[in-house]
Each structure stands twice: as structure tokens, then as C-alpha cells.
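Taking it in order: structure first as C-alpha cells, then the write-up.
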């Protein structure tokens, strides 16, 4: 059986904006700090307050939490 070659393939397709937004990452660094996170976490686990120029992280990653606990308890 011989297959017919498709010749009318489109080279592009319309993008779903909400899906693209979820795939976007935020990233930044400066002053000894580097951070990156998926855009879909904004408002769920990452909260931004432009008035105070702060980010709040809800549910820190376990490895980061362990490092912070060791540092604050006096252990290295």
C-alpha cells in the first residue's frame, strides 16, 4: 500500500494565550540573589507586593527549608 504525501500542512497554528502564560517562567538575579519560578505559581505559592517590593514564598522547597533550618539552628 502506498501512502499519499500530505502537501497542505500548515507551518504555524494559533497559540492558546492562557497555556503560553502558564509556560512562562519568571527569572531574575542581583545583589546576591537568584530566583526563578513558573508563572503559574504567581498568586498560588509566590505572592508579589509591588508597594513593598517583596516576594513571599508559600511552601518553600524542602532542600531550601532544610538549609535554612540548619543555618538558624546554628549548624552548618
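Residue 7 - would you say it is surrounded by fewer than 10 Cβ atoms within 10 Å (Cβ to Cβ) and modelled with pLDDT under 80? For residue 7, the condition - surrounded by fewer than 10 Cβ atoms within 10 Å (Cβ to Cβ) and modelled with pLDDT under 80 - is met.
The residues of the range 29-57 that are in a strand (DSSP E or B) and either surrounded by 10 or more Cβ atoms within 10 Å (Cβ to Cβ) or in contact with a strand residue (DSSP E or B) (Cβ under 6 Å, 6 or more places away or on another chain) (or both), listed by number, are 35, 36, 37, 38, 42, 46, 47, 48, 55, 56, 57.
The values are calculated or read from the model by the stated rules, or taken from the named source; none is laboratory data. Because the structure is a prediction, the values reported are computed rather than measured. Cβ atoms come from the backbone with ideal geometry, glycine included; neighbour counts cover every protein chain shown.
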